[in-house]
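The values are calculated or read from the model by the stated rules, or taken from the named source; none is laboratory data. Here the structure is a predicted model, which is why all the values come from computation and not from measurement. Cβ atoms come from the backbone with ideal geometry, glycine included; neighbour counts cover every protein chain shown.
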């Protein structure tokens, strides 16, 4: 079964990558409840706590990418709602050991499409994704979403091609933001 090379580390330890369009770094940090001035080019620590989430944030053209390890801000309903207000948000999270994959696409706070672990894809598939989803299903039949489908959906919805270098070499600023109790957005 094909495996996308960038999923390995993220999926092994559990993590989340969120893309937000047309929001600069400062606005993203503020919407997450953090203070932009406290972010630095070096990680402040490599883990999140019950009260704080450690995030790395990078600006990439029209998009801002948020990378989290061992926290789930990017797939928490209240956080996604704040981050997607007035814009588009695409987020995915995975944890291999428990086959926990989540994928969300929101436009201006409205859930457009999602994959929820052990429940599957949202029905009906939006018309603008239908043909693309058929192609994904043909290329990755019965695959865990993080082994291909979620990366392809992310690229389709953002125009950003996920590569190993995207997660490992994109300069980010790191900092702490308040952690939240995780809640799933259901369709």
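Check whether at least one residue in region 4-13 is at pLDDT below 95, under 14 Å from the mean Cα position of the chain (by Cα) and not in a helix (DSSP H, G or I), and report yes or no. Within region 4-13, one or more residues are at pLDDT below 95, under 14 Å from the mean Cα position of the chain (by Cα) and not in a helix (DSSP H, G or I). When region 24-34 is limited to residues that are touching a strand residue (DSSP E or B) at 6+ places or on another chain (Cβ under 6 Å) and part of a loop (DSSP other than H, G, I, E, B), the one that is surrounded by the most Cβ atoms within 10 Å (Cβ to Cβ) turns out to be 32.
Only one of the numbered conditions (1) touching a strand residue (DSSP E or B) at 6+ places or on another chain (Cβ under 9 Å); (2) modelled with pLDDT of 85 or more; (3) within 24 Å of residue 53 (Cα to Cα) is not met by residue 82, and that is (1). Inspect all residues belonging to region 35-49 and state whether any of them is at pLDDT 85 or above and assigned to a strand (DSSP E or B). Scanning region 35-49, I find at least one residue that is at pLDDT 85 or above and assigned to a strand (DSSP E or B), so the answer is yes.
Within region 66-78, restricting attention to residues that are part of a strand (DSSP E or B) and crowded, with 21+ Cβ neighbours inside 10 Å, the residue that is modelled with the lowest pLDDT is 68.
The residue that is modelled with the lowest pLDDT, counting only those in region 138-185 that are part of a loop (DSSP other than H, G, I, E, B) and touching a strand residue (DSSP E or B) at 6+ places or on another chain (Cβ under 7 Å), is 184. Scanning region 99-135 for residues that are loosely packed, with under 12 Cβ neighbours inside 10 Å, in a strand (DSSP E or B) and on the phi < 0 side of the Ramachandran plot yields a single hit, 110. Close Cβ contacts (under 8 Å, 6 or more residues apart or on different chains) running from residues in region 143-167 that are crowded, with 18+ Cβ neighbours inside 10 Å to residues that are modelled with pLDDT of 85 or more and part of a loop (DSSP other than H, G, I, E, B) comprise 154/160.
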